[in-house]
Amino acid sequence: MQQHNYFVITGGPGVGKTTLLNELGKRGFTIIPEGARRIIQEQVATNGEGLPWDNKELYAQLMLEESMRSYQEATTSASSTKAVFFDRGIVDTVCYMMMEDLPVTKRVNKWVKLCSYNRRVFILPPWREIYQTDRERKQTWAEAVRTYEAMKEVYISYGYDLADIPKGTVTSRADFIMEQISAML
């Protein structure tokens, strides 16, 4: 069932998603953090194989499970009328699977349909000036740009309407989202 007050903020790596989500959280909205970074940290700490540079299939499975868990948790704890913002959605996992030539099974597509968000998805474009790598974010700039392009294609293929968030201050980016969703809630 589609949750009209569940909004995804997505994009390639290093585009300011977390900073933007932190700003929305300061404004009193529920924020559902991305699980990928935590999964990588846990896998590294336990010498696990579920890493995007080790076992891509296991990593995708862990990301899918985390996305489903956080979605279900939000449905039991979040307000039914106030906006809830997700740092990436289940479709991001599908995009990762497609980019890595992993099979997108009927089970995965079932979960994409069951855990749907507002049709308006906010996507942050690549921004060279703020992009940087770290221990968990190892993609090159070119990979970050390819990820953004792939995200757009995959979200559109699942019927979502994308809104590009303009580059600017975190305040102006959050204000842009507020303007976009004001008529939807």
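For the range 33-114, take N as its residue count and report Rg(C-alpha) divided by 2.2 N^0.38 Å.
Cα Rg divided by the expected 2.2 N^0.38 Å: 1.14.
Each residue of the range 156-165 was assigned a 3J(HN,Hα) from its phi angle through the Karplus expression (A = 6.51, B = -1.76, C = 1.60, θ = phi - 60°), giving 4, 5, 8, x, 8, 9, 8, 10, 6, 7 Hz with x at Gly and Pro. In the chain, helices alone account for a calculated mean residue ellipticity at 222 nm of -15500 deg cm²/dmol, with every DSSP H run of four or more residues adding -39,500 (n - 2.57). Here the gap between Val104 and Gln72, fully extended at 0.36 nm per residue and compared with their Cα-Cα distance, gives a gain of 9.4 nm. Globularity index of the range 102-185 is 1.29 (Cα radius of gyration / 2.2 N^0.38 Å, N = number of residues).
Leaving ligands, DNA and RNA out of it, report the carbon-plus-sulfur percent of the accessible area of the range 51-185 at a 1.4 Å probe. Intermediate results must be reported in sequence, preceding the final value.
On the way: 3660 of 7110 Å².
C and S fraction of accessible area: 51 percent.
Could you give the length gained on full extension between Ser172 and Gln139, defined as 0.36 nm per residue of separation minus the Cα-Cα distance, in nm? Stretched fully, the Ser172-Gln139 segment lengthens by 9.2 nm.
In this structure the chain gives 51 Å² per residue of accessible area when probed at 1.4 Å with all protein chains present. In a DSSP loop and with at most 13 other Cβ atoms within 10 Å, the chymotrypsin sites (Phe, Trp or Tyr not before Pro) in the range 1-58 are Trp53.
For Phe86, the amide hydrogen comes within under 5 Å of the amide hydrogens of Phe7, Val8, Ile9, Ile32, counting only partners 5 or more places away or on other chains and with H modelled in the peptide plane. Listed by chain and number, the lysines whose C-alpha is less than 24 Å from the C-alpha of Lys82, apart from same-chain residues fewer than 8 away, are Lys17, Lys26, Lys113. Its alpha carbons considered, the range 1-152 gives a radius of gyration followed by a Dmax of 15.0, 42 Å.
The values are calculated or read from the model by the stated rules, or taken from the named source; none is laboratory data. Everything numeric here is computed off the predicted structure, so don't read it as measured data. Here Cβ is always computed from backbone atoms with ideal geometry, including for glycine, and neighbour counts include all displayed protein chains. Accessible surface areas use protein heavy atoms only, side chains included; no ligands, DNA or RNA. Shrake-Rupley method; radii C 1.70, N 1.55, O 1.52, S 1.80 Å.
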